[in-house]
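Just below is one structure, and these are the notes that go with it.
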Amino acid sequence: MMVDYQALLANAKTARERAYTPYSRFKVGAAVLTASGQIFHGCNIENAAYPVCLCAERSALAAAWSAGEIEFIALAVVADTPGPVAPCGMCRQFMFELAPDLPVLLANLAEQTQHTTPRELLPSGFASESLNHNR
């Protein structure tokens, strides 16, 4: 399937506008394209109890997975950063677990971009194979 990264980035920007960021004012949007051709949006949602905040990347992937869409084609993430936005460690692990070789487009509002994958973002990532299932 051909990926229109400009359209995916536009969807991520739309999702970014839905972010709930009363504390940091740092809005992030994400859009994931699934194998069926559907696009799922995600945005960050903050909480006064900071550890329970939800990032845009995890929000988009969880929305798709919850809808039964478990084959991902590409993910775009955008924020108002000096260069392409960098996913947090938790999001890197989440993406690595679900789709380690997923094409990911990281961007800022000036449309500076970086193409990468969760595997590149999290070298030697922790996967199900890392667990000792023989206990």
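The residues packed around G37, meaning those with a beta-carbon under 13 Å from its beta-carbon, carry a net charge of -3 if Lys and Arg are +1 and Asp and Glu are -1. Computed over the chain, the per-residue total of -39500 (n - 2.57) for DSSP H runs of n ≥ 4 gives a 222 nm mean residue ellipticity of -8000 deg cm²/dmol, rounded to 500. 3J(HN,Hα) along the range 105-113, derived from phi through the Karplus expression 6.51 cos²θ - 1.76 cosθ + 1.60 where θ = phi - 60°, amounts to 9, 9, 8, 10, 5, 7, 6, 6, 10 Hz, with x in place of Gly and Pro. The value of relative contact order for the range 37-135, using C-alpha pairs under 8 Å at least six residues apart, is 21 percent. When the Gaussian network model of the chain links Cα atoms closer than 10 Å, the mean-square fluctuations of L54, L33, L75 top out at L54.
Throughout, read-outs are computed from the coordinates displayed, never taken from laboratory work. All values reported here derive from a predicted model rather than from experimental measurement. Quick reminder, even Gly has a Cβ in these numbers, built from the backbone with ideal geometry, and neighbours come from all protein chains shown.
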